[in-house]
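For reference, the structure discussed in these notes is given below.
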Amino acid sequence: TFLWTPATDVFTDLAATARYRSESLTVAYSKGTTPNTYTVTSTLGSCSSTIMVTVTPNALPTIAVSDAVICNGGAGTTLTATGGTTYAWSPATGLSATDVDSPTANPTATTTYTITGTDANGCINTTTATVTVNNPVVITGQPSNVIALSGSSNNFTVTATATGISYQWQVDTGSGFGDISGETNATLTVTASVNASYRCVVSGTSPCTPVTSNVATLTISSVSFLTQPQPQTICSDDTATFS
């Protein structure tokens, strides 16, 4: 018979799923996180012999990768793994390589990568890193020029899309553009008092850069257009009405 003591972290199979329970084994398997010294006692009839063996496990490598934030359609970012000698990245989506320590990541949607690192002892550990993808500012509707009666209320509107969108309207009455305090909505309402130019700075979530709208003018006049004639497409024998 061959008996092993202590039974701490001793298993009967290589996968370490079945714990050793003092049965006779010529081969036992140790899986632990700290050094253990084992004694095996072999018995034949009334004779016995013992020998000791120490198992010292190598510590798992600490694999580290920092999360990152990018702007969709931009240059991406470099992710750097530390703690190992070789690496494997998964999934491959948006990565310049999957077997290096510092690939460029440029996915089109937020992606969490699993990084498996192996050290010089062949020990393996994993970690994850998330690349958050923010959508850039895209202005889909520009503010329009307004001709207005003095004292009338008038709107300037910009339409845009972005992650974490925000607005800041600016005015220029002749000395350059400056922010209008408190005007942080998509629509700016102004009372016509002086000729002025308006524009809106639309921002998204960093690192996406702000985008400035076209300039729209407010012109004071004795005539105000409430509606403008619109382009029309008709058949050759139809009639178009403009108003």
Report task. Working carefully through the options A160, A129, find the one that is closer than 30 Å to P103 by Cβ, in contact (Cβ under 8 Å) with a residue 12 or more places away in the chain and assigned to a strand (DSSP E or B). Result -> A129
Report summary line: Taking segment 6-41 and keeping residues surrounded by 14 or more Cβ atoms within 10 Å (Cβ to Cβ) and outside any loop (DSSP other than H, G, I, E, B) leaves V10, F11, Y29, S30, N36, Y38, V40
Query raised in the report: Among the candidates T157, T130, T126, T104, which residue alone is open to solvent by 70 Å² or more (accessible area, probe 1.4 Å) and touching a strand residue (DSSP E or B) at 6+ places or on another chain (Cβ under 8 Å)?
Result: T126
**Report entry** Any chance T116 is surrounded by fewer than 14 Cβ atoms within 10 Å (Cβ to Cβ) and at pLDDT 95 or above
**Finding:** no
Report summary line: Scanning segment 171-220 residue by residue, those in a loop (DSSP other than H, G, I, E, B), open to solvent by less than 40 Å² (accessible area, probe 1.4 Å) and of a type outside the set (A, V, I, L, M, F, W, C) turn out to be G176, G204, S213
Query raised in the report: On the given criteria, is T110 over 30 Å from T217 (Cβ atoms), surrounded by fewer than 16 Cβ atoms within 10 Å (Cβ to Cβ) and not small (G, A, S)?
Result: yes
Report task. Hey, could you check segment 55-69 for residues that are modelled with pLDDT of 95 or more and in a strand (DSSP E or B) and say which is farthest from the chain's Cα centre (by Cα)? Result -> A64
**Report entry** Residue in segment 78-100 that is surrounded by the fewest Cβ atoms within 10 Å (Cβ to Cβ), counting only those that are of a type in the set (V, I, T) and in a loop (DSSP other than H, G, I, E, B)
**Finding:** T85
Report summary line: All conditions in (1) touching a strand residue (DSSP E or B) at 6+ places or on another chain (Cβ under 7 Å); (2) open to solvent by 30 Å² or more (accessible area, probe 1.4 Å); (3) free of Cβ contacts under 8 Å to residues at least 24 places away in the same chain; (4) not basic (K, R) are true of G141 except (2)
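The values are calculated or read from the model by the stated rules, or taken from the named source; none is laboratory data. Just so it is clear, the model here is predicted, and its values are computed rather than measured. All Cβ positions, glycine included, derive from the backbone under ideal geometry; neighbour counts span all protein chains shown. In case anyone asks, the SASA skips ligands and DNA or RNA and just uses the protein heavy atoms, side chains included. Shrake-Rupley method; radii C 1.70, N 1.55, O 1.52, S 1.80 Å.
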